[in-house]
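Take a look at the structure set out below.
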Amino acid sequence: MVNPSRSEDLEALSLTASDHFERLGVPRRHAVDREAFEQAYRERAQRVHPDRFAGGSSGQQRAAMEASAALNEAYRVLRDPVRRAEYLCQLAGIDVDSNDPRAGAPAMGQEFLIEMIERREAVEEARASGPAALDALRGEVEDELELALDTATAALAADDPQAAARALVKRRYLQRLLDEIDGDV
Amino acid sequence: MTNDDISWDDAGALFQIEEPSAPTRGRERRPGCGIGIDLGTTHSLVAIAPHGEPPRALPDEEGRVLLPSVVSYLEEAVEVGHGAHVRRVEDPARVVSSVKRFMGRGLEDIAFTHPYQLGTDGDSSVVRMHVGTARPVTPMEVSAEILRVLKARAEAELGEPVSGAVITVPAYFDDAQRQATKDAGRIAGLEIYRLLAEPTAAALAYGLDKFGDGGGRGLFAIYDLGGGTFDISILRLHDGVFQVLATGGDSALGGDDFDRAVAQHLLAAAKVAQPDAYQREEALMAARTAKESLSDLEAVMVSLPRSGLHEHALTRAQLDAIIEPIARRTVAACRLALKDAGVHTREIDGVVLVGGSTRVPLVRALVASTFRCEPLCDLDPDQVVAYGAAVQADILSGSEREGVTLLDVVPLSLGLETMGGIVEKIIPRNATIPIGARQVFTNYSEKQTGMVIHVLQGERELAADCRSLARFELTGLPRLPPSMARIEISFQLDADALLTVTARELMTGIKQTVEVRPTYGLAESEVDALVMESLDHAQEDYDARNLAEARVELGRVVLAVRTSVQEVGAVEGLLPDEERAQIEAALVQAELAMGPEGPREHRAINAAREALERVSEPFARRRMERALQAGMSGKSLAEIESALADERELDARRGSHDPEMTTPDHGAS
């Protein structure tokens, strides 16, 4: 049932890959060829899927499960442009999920934080004055979100992860604002 | 929650393989002996597709493939299926239907009307149904009764024990509901190869050739409206890979809701404001029949004798108006799934209809307008899910089969409660499974030596609005300054979308074991106890059958001996008085053994039969010889020889089975 080539697949795709890009076999950069990316994922997912090792030893089943889980996590992170950018920052030593003063998200200035508080208040005012005002605000924030991501990808391309991380943190605040406009919070 | 133990010391490995809950993993799989089961809200069925054969659903003795998911506890012996279904009106509280709606649910989740007496036991949150049995039953045990019947049906067909089963679950089932389904399978004595999402199973059954441009590529929506659950899945098919992009739905929305709405309408028409359980059950059954008829007819007549409603007309337009608000709820879920998949409606190449409720014309019209294409329904929507499960079961049993790879997703986000009751998502919904993810948490004060881990599933921000899966406490954390402790929590989802949580303290690698109690599930020990109990029951069932068979056999022998003793009457020399008295005495003993005071054990009954046979054997032999002599006068030598040969052969055969056993009525006629 389990032929040697399957075992080789497992060895080749085991947890030895050092990062998500390597795991999927795609270049370590933000720009991505969508078609090639999906193709690479499908091929690898097929090769290490636990179902292929249903009749195998428990060791093989374990290896297939681990390889699949790692691959799927890599796919989840890299398929999304925002998470992909955040992950590139992480590889460069800046973790935007952490508030560690050295390796964590860059601190945003007082000015920016005050601006965000004011904009949140503006959302409540817009909500009170009707859907048209809220829609206008939404359009504005959506544009800024896109701009923030563009800034981050440009910074990554220019090998400036610090600037990229700053843009991504700003983007998170804006995303939060958008969620608030949509009433998701 | 799939495991009971959280151990601190398994640093490194993402997956704990030596799970205490999975001792059966790696058990030998027998190719071709895997079965697919669709465990549905209203009906269930089993299909097989051994060694690459096309799938086929297995019927009962009367040719019926669908087994009503109804279990009657009215008699001591549990009755499942059609027999139970017709008895629902007798005592609705003790005949359980639509048990799937209770799977993995807590009392507070059960907001719909039902005729059952529910409760909980001790500090467990598992719902228990008081159905008149000595001990109340859990929904998992009720489901296990249904699974047992289907397993037996498959074994009769295969001619050997089932190696393992793929059981389908609604894609939108959460962890607790999936775990409950898996537990039901184990209680029924099944090795569960896989829990498979129903829409994914349907896609598998349709196969690649039916789809898209013929090259097995395309983007499809599977719309699955069953009796009690609704699922929508968006799939991409590409060269043998079925990739679920997004799934959504409502695990408490289905055709049963249509029935309830129609029943309410009928009771209102009958001017019954406060129906009792019997009236409600009658109205529900009438509503379902009317709904089904209105798929083909424009109007039907409905009567509710218990509520005094006679020949009430119901039109399809009326039906549509009653059910439309419910059916519309599915459209919102479809839109969200498309959005999650990042797909535009116009990119969808086709829509597949699954589930009996998609026979309703209004539902078909809604689907066609939502996806802007005519839905596919070539395969029986009631059977297509079981077909897909059978194909997957064949693959997982180890058969060499033209395989496809299923990449399924988790339907609901998984996370942890953090400070202030906020949920921190660890694995987002629609992530491809299996998957593992970790998050590091820290301490908030130096005095903190423990941490409550509350595992949640759902999309809402607040823990109170999500589904609680498990709660446990880590203790013995090292005393460290605020924000210095590093506690890593790993979530691992397996291919069944079942969750395992692991925790470890990174600074010290402290070692500790914590028991996780699933919030709405059975504890591992309770499942084990039920599995053992079902094995005990298997012995009881076996004994009961042996006893019944022994009685029938004894009855047959008694009747035969009595008849021949009476018939012989005064035939000279055939039955001396002394021997007649012996036989009569043995007959009396045998009749006593069969009576209500007789033994309840098949060996004692068999002993009584053997005694009777022994006593009557010489008489039976003489009768046979006499009959032979009488019969042979005037026959050719060849005929006589042939008859004797037959006789010798018969004797030999009897001898090989049981030296003392002859058939007393031989030659009596």
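Restricting the search to segment B:271-308, which residues are farther than 23 Å from residue B:95 by Cβ and either assigned to a helix (DSSP H, G or I) or not acidic (Asp, Glu) (or both)? The answer is B:271, B:273, B:293, B:294, B:295, B:297, B:299, B:300, B:301, B:308.
Applying the condition of being of a type in the set (Val, Ile, Thr) and not in a strand (DSSP E or B) to segment B:158-199 and asking which residue is nearest to the other protein chains (Cβ to nearest Cβ) yields B:162.
Of the strands (runs of 3 or more DSSP E) that lie entirely inside segment B:1-76, those containing 1 or more residues that are within 30 Å of residue B:489 (Cα to Cα), modelled with pLDDT under 90 and more than 14 Å from chain A (Cβ to nearest Cβ) span B:5-7. Here residue B:428 clears all of (1) without any contact (Cβ under 8 Å) to a residue 24 or more places away in the chain; (2) in contact with a helix residue (DSSP H, G or I) (Cβ under 7 Å, 6 or more places away or on another chain) except the condition numbered (2).
The set of residues in segment B:101-141 being at pLDDT below 90, under 19 Å from residue B:69 (Cα atoms) and among the hydrophobic types (A, V, I, L, M, F, W, C) consists of B:110, B:112. In segment B:349-360 there is no residue matching the filter, namely being within 14 Å of another protein chain (Cβ to nearest Cβ), surrounded by 24 or more Cβ atoms within 10 Å (Cβ to Cβ) and either of a type in the set (S, T, N, Q) or out of contact with any strand residue (DSSP E or B) (no Cβ under 9 Å at 6 or more places or on another chain) (or both). Counting the residues of segment B:495-508 that are under 30 Å from residue B:393 (Cα atoms), in a loop (DSSP other than H, G, I, E, B) and hydrophobic (A, V, I, L, M, F, W, C) gives 3. Of the residues screened, residue A:42 is not one that is closer than 25 Å to residue B:244 by Cα, more than 13 Å from chain B (Cβ to nearest Cβ), part of a helix (DSSP H, G or I) and modelled with pLDDT of 90 or more. Every condition in (1) more than 7 Å from chain B (Cβ to nearest Cβ); (2) in a helix (DSSP H, G or I); (3) modelled with pLDDT under 90 holds for residue A:51 except the one numbered (1). Could you go through segment B:321-336 and let me know if any residue there is within 14 Å of chain A (Cβ to nearest Cβ), part of a helix (DSSP H, G or I) and in contact (Cβ under 8 Å) with a residue 24 or more places away in the chain. Yes: segment B:321-336 contains one or more residues that are within 14 Å of chain A (Cβ to nearest Cβ), part of a helix (DSSP H, G or I) and in contact (Cβ under 8 Å) with a residue 24 or more places away in the chain. Quick one: which of B:605, B:583 is part of a helix (DSSP H, G or I), on the phi < 0 side of the Ramachandran plot and over 42 Å from the mean Cα position of the chain (by Cα)? Matching residue, one of B:605, B:583: B:583. Elements of the type strands (runs of 3 or more DSSP E) sitting completely within segment B:86-147 and holding at least 2 residues that are free of Cβ contacts under 8 Å to residues at least 40 places away in the same chain and under 20 Å from the mean Cα position of the chain (by Cα): these cover B:128-130.
Number of residues in segment B:483-500 that are over 18 Å from residue B:442 (Cβ atoms) and either β-branched (Val, Ile, Thr) or over 31 Å from the mean Cα position of the chain (by Cα) (or both): the value is 1.
Between B:270, B:176, the distinction of being farther than 19 Å from residue B:98 by Cβ and touching a strand residue (DSSP E or B) at 6+ places or on another chain (Cβ under 9 Å) belongs to B:270 only.
For the residues B:471, B:460, B:486, the requirement of being in contact (Cβ under 8 Å) with a residue 40 or more places away in the chain and within 14 Å of chain A (Cβ to nearest Cβ) singles out B:486. Selection of helices (runs of 4 or more DSSP H) fully inside segment A:64-180 by the criterion of at least 2 residues being within 14 Å of chain B (Cβ to nearest Cβ) and free of Cβ contacts under 8 Å to residues at least 24 places away in the same chain returns A:81-91.
Is it the case that segment A:97-117 has a residue that's surrounded by fewer than 16 Cβ atoms within 10 Å (Cβ to Cβ) and of a type in the set (Ser, Thr, Tyr)? Taking every residue of segment A:97-117 in turn, at least one turns out to be surrounded by fewer than 16 Cβ atoms within 10 Å (Cβ to Cβ) and of a type in the set (Ser, Thr, Tyr).
Of B:432, B:370, B:442, all but one fail to be in contact with a Phe, Trp or Tyr (Cβ under 8 Å, 6 or more places away or on another chain), on the phi < 0 side of the Ramachandran plot and surrounded by fewer than 24 Cβ atoms within 10 Å (Cβ to Cβ); the exception is B:432. Return the residues of segment B:374-412 that are away from every other protein chain (no Cβ under 14 Å) and charged (D, E, K, R); say none if nothing qualifies. Across segment B:374-412, the qualifying residues are B:374, B:378, B:380, B:382.
The values are calculated or read from the model by the stated rules, or taken from the named source; none is laboratory data. All values reported here derive from a predicted model rather than from experimental measurement. Ideal geometry is used to build each Cβ from the backbone, glycine not excepted, and the neighbour counts take in all protein chains shown.
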